[in-house]
1. Somewhere in segment 63-79, is a residue touching a strand residue (DSSP E or B) at 6+ places or on another chain (Cβ under 7 Å), modelled with pLDDT of 95 or more, buried (at least 16 other Cβ atoms within 10 Å of the Cβ) and not in a helix (DSSP H, G or I)?
2. Name every residue in segment 178-232 that is outside any helix (DSSP H, G or I) and hydroxyl-bearing (Ser, Thr, Tyr), in order of residue number.
3. When the residues of segment 105-158 are narrowed to those that are over 28 Å from Ile16 (Cα atoms) and not in a helix (DSSP H, G or I), which ends up nearest to the chain's Cα centre (by Cα)?
4. For the subset of segment 97-125 comprising residues that are at pLDDT 95 or above and out of contact with any strand residue (DSSP E or B) (no Cβ under 9 Å at 6 or more places or on another chain), which member is nearest to Leu58 (Cα to Cα)?
5. Under the condition of being crowded, with 22+ Cβ neighbours inside 10 Å and in contact with a Lys or Arg (Cβ under 9 Å, 6 or more places away or on another chain), which residue from segment 26-62 is farthest from Ile106 (Cα to Cα)?
6. Which one of the conditions (1) in contact (Cβ under 8 Å) with a residue 24 or more places away in the chain; (2) out of contact with any strand residue (DSSP E or B) (no Cβ under 7 Å at 6 or more places or on another chain); (3) buried (at least 16 other Cβ atoms within 10 Å of the Cβ) does Ile202 fail to meet, given that it meets all the rest?
7. Could you give every pair whose Cβ atoms fall below 8 Å, whose first residue belongs to segment 165-187 and is more than 22 Å from Gly223 (Cβ to Cβ), and whose second residue is of a type in the set (D, E, K, R) and modelled with pLDDT of 75 or more, counting only separations of at least 6 or pairs across chains?
8. On the given criteria, is Ile181 aliphatic (A, V, I, L, M), surrounded by 13 or more Cβ atoms within 10 Å (Cβ to Cβ) and either in contact with a Lys or Arg (Cβ under 8 Å, 6 or more places away or on another chain) or at pLDDT below 90 (or both)?
Amino acid sequence: MSKITEQNNSRTKTLIISDLHLVSGELEKTGLFIKFCQNEAQEADQLFILGDLFNSWLGDDLSIANYQNVIEALKSLSQDTNIYVMAGNRDFLLGNKFKKESGCKILIEPHFIDNNNKRYVLIHGDTLCTDDIDYQKLKKILQHPITKFIFLRLPKKLRLRLSGQLRKKSVEAQKYKSKNIMDVNTDSVDKFMRNHPNTDLIHGHTHRKRVHNNEGYTRYVLGDWYVDRGSAIKLEDGLDFIEIN
């Protein structure tokens, strides 16, 4: 069972984002995120990034150098804004060196926050996509502690080659999957939320920005980011979606 951490955010301005999928050398989207760190995020007390900030992360020793401008923007932002990063399915190898150099804190999901007398549970979202059986099997293998231990000790060139092969297979597999399979399973969501009464859910992963009103809870799905605009949730007096541009 995942460790649950709690924090009382009832009197703070909170921003929540997910699924930026930043790619080294992709200047437009990276520039948009850095601008966000220097503007909207500066006005927040805390920023939550619910996974897949990076399109891939092959270990701190290999990936930090590729995203130095992002790391520096996060470090600068962290001087006045608390930044919490949740691992996604693309960047689950974020480690201690990333934490130290970026000033971010890494969260274990689920994470609970309180705002304006309302409780929210934050997750990346892929654990609820239970119809995608092949994905869940692969995730269980790739994110097993032993697999991660071995992978991080492989030569850098081999890690790059293996990652490229896995990404190619993933892209090919998605061509034959229905959109429903890659979305959350509503029964799995209901089961998860029954364990957290009087709580609403915020997640990313599916890239399907929407508000789902369900019996007993509301599910807020974060949008992904493009080269010219992004999506965020703001918690202050209530919950609002805002556009980043």
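1. So far as segment 63-79 goes, no, none of its residues is touching a strand residue (DSSP E or B) at 6+ places or on another chain (Cβ under 7 Å), modelled with pLDDT of 95 or more, buried (at least 16 other Cβ atoms within 10 Å of the Cβ) and not in a helix (DSSP H, G or I).
2. Residues of segment 178-232 outside any helix (DSSP H, G or I): 178-185, 195-232.
Ser178, Thr199, Thr206, Tyr217, Thr218, Tyr220, Tyr226, Ser231, listed by residue number.
3. Applying the first criterion (over 28 Å from Ile16 (Cα atoms)) to segment 105-158 yields 133-134, 137, 141, 146-147, 149-158.
Within this subset, residues satisfying the condition of being not in a helix (DSSP H, G or I) are 152-155.
On the way: Leu152: 21, Arg153: 25, Leu154: 26, Pro155: 27 Å.
By that ranking, first place goes to Leu152.
4. Per the stated criteria, the residue is Lys97.
5. Among residues in segment 26-62 that are crowded, with 22+ Cβ neighbours inside 10 Å and in contact with a Lys or Arg (Cβ under 9 Å, 6 or more places away or on another chain), the one farthest from Ile106 (Cα to Cα) is Ala44.
6. (2)
7. Ala173/Asp134
8. Values: aliphatic (A, V, I, L, M): yes; surrounded by 13 or more Cβ atoms within 10 Å (Cβ to Cβ): yes; either in contact with a Lys or Arg (Cβ under 8 Å, 6 or more places away or on another chain) or at pLDDT below 90 (or both): yes.
Spelling it out, Ile181 is indeed aliphatic (A, V, I, L, M), surrounded by 13 or more Cβ atoms within 10 Å (Cβ to Cβ) and either in contact with a Lys or Arg (Cβ under 8 Å, 6 or more places away or on another chain) or at pLDDT below 90 (or both).
The values are calculated or read from the model by the stated rules, or taken from the named source; none is laboratory data. Here the structure is a predicted model, which is why all the values come from computation and not from measurement. Because the Cβ atoms are built from the backbone with ideal geometry, glycine has one as well, and the counts that use them run over all protein chains shown.
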